[in-house]
1. Count, please, the residues in region 197-244 that happen to be hydrophobic (A, V, I, L, M, F, W, C) and over 13 Å from F169 (Cα atoms).
2. Please list, ordered by first then second residue, the pairs with beta carbon atoms under 8 Å, 6 or more apart or interchain, first in region 215-229 and closer than 19 Å to E189 by Cα, second modelled with pLDDT under 90 and exposed (fewer than 15 other Cβ atoms within 10 Å of the Cβ).
3. Identify, by number, the condition in (1) surrounded by 20 or more Cβ atoms within 10 Å (Cβ to Cβ); (2) under 14 Å from the mean Cα position of the chain (by Cα); (3) farther than 14 Å from L292 by Cβ that L129 doesn't meet.
4. Check E236 against each of (1) within 30 Å of E123 (Cβ to Cβ); (2) acidic (D, E); (3) in contact (Cβ under 8 Å) with a residue 60 or more places away in the chain and name the one condition it does not meet.
5. Show me the strands (runs of 3 or more DSSP E) found entirely inside region 86-167 where at least 1 residues are modelled with pLDDT under 90.
6. Might you check whether a residue that is crowded, with 21+ Cβ neighbours inside 10 Å and in contact (Cβ under 8 Å) with a residue 40 or more places away in the chain occurs anywhere in region 175-184?
7. For region 229-303, which strands (runs of 3 or more DSSP E) that fit wholly inside it have 1 or more residues that are within 21 Å of the chain's Cα centre (by Cα) and outside the structural domain of R182 (by TED's automatic domain parsing)?
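The values are calculated or read from the model by the stated rules, or taken from the named source; none is laboratory data. As the structure is a computational prediction, the values presented were derived from the model and not from experiment. Cβ coordinates were reconstructed from backbone atoms using ideal geometry, including for glycine residues, and neighbour counts include every protein chain displayed.
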Amino acid sequence: MRTNIDLADLEAFAAVAREKSFHLAASALNLSPSALSRRVQKLEDLVGVRLLERTTRSVTVTAAGHEFLARALEIQSHLEQVIVDLKGQPQQQSTLVTVACIPSASHYFLPPVLEHFAARYPEARVRILDLNATEVLDSVKTSEADFGIDFVGLQEPGLEFLTLLEDPFVLAVNRSHLLAHRDSVTWEEIGSQRCITVWKGSGNRLLIDTALAKANTAVTWHYETRHVTTALALVEAGIGVAALPRSALPQHDHPIVTGIALRAPDISRTLGAVRRRDRRATTTAQALWDALIDKWPSAGRREQADSRGRKSATDLRPRRQA
């Protein structure tokens, strides 16, 4: 049986699945919502199953939709790779690289890497997918992204996880706050403060809740936000204090926000780059991967040591930039 799948229809479905919104997906693809809806409906008619569940308030991917998307994107990725390979010369390969990145790393951690990369490869184009930790892994598995920046995935079969740095949680405070002069503070001490946290569905919140439960320590959260950037905005406004990964804070002296070490318990996450072992990287994707290693040189030493079966390097301090 022949099936004539239009790649534009597949792209439309993938965008809606990623954005969980026809309006946002239509905006991203520069289409009208009605045109986008027609493309998705055409794809559903072709495969013969409902791929999306739609209500007036939300859009969710069905079980069949998840399975179809994963397989379809993998086939699309292989097709794109075949085209790249047939073009032969490295300079003819695609200049586009897609990176999936957790939001807490996209604000301050990723931009210096992109700046370093752009100086070396000014013709390259970078598409950034702002996704939660689980979605980053999914986009890498399905080859929607060339690689991801995440803090999970070390045990995922078929994926290579390159550790970039150990990322401790710190207390983000406004410089006018009474705790701003402290070098460190315990979780118990911040119990009397108006605390800001990210929502329970995030990986960062899971790390915090698990560690506090093991330490038999409780913190009352006064504000809960969907994104780390929103939590930082509340800190800047002086509304409260927030427990956030250090990499999510400004990397240099900031006039309004500073980070204080959080103790008892010490909580950290391992931030790294993740990609499929069985997928050959394009020249552009490999160049951006290498730019990450240039930013965090110990990761490159670890990658080389791991490839030779030796112990990984443990110095995770970033190289000072000129």
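1. Within region 197-244, residues that are hydrophobic (A, V, I, L, M, F, W, C) and over 13 Å from F169 (Cα atoms) number 13.
2. So the pair list comes out as A218/G191; V219/G191; T220/G191.
3. It fails just one condition, (1).
4. Only one criterion is unmet by E236, namely (1).
5. Per the criteria, 96-101, 125-130.
6. There is no residue in region 175-184 that is crowded, with 21+ Cβ neighbours inside 10 Å and in contact (Cβ under 8 Å) with a residue 40 or more places away in the chain.
7. Qualifying strands (runs of 3 or more DSSP E): 268-276.
To keep it simple, each residue is scored yes or no on (1) modelled with pLDDT under 80; (2) of a type in the set (S, T, N, Q); (3) surrounded by 19 or more Cβ atoms within 10 Å (Cβ to Cβ).
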| position | (1), (2), (3) |
| --- | --- |
| M1 | yes, no, no |
| L10 | no, no, yes |
| V59 | no, no, no |
| I83 | yes, no, no |
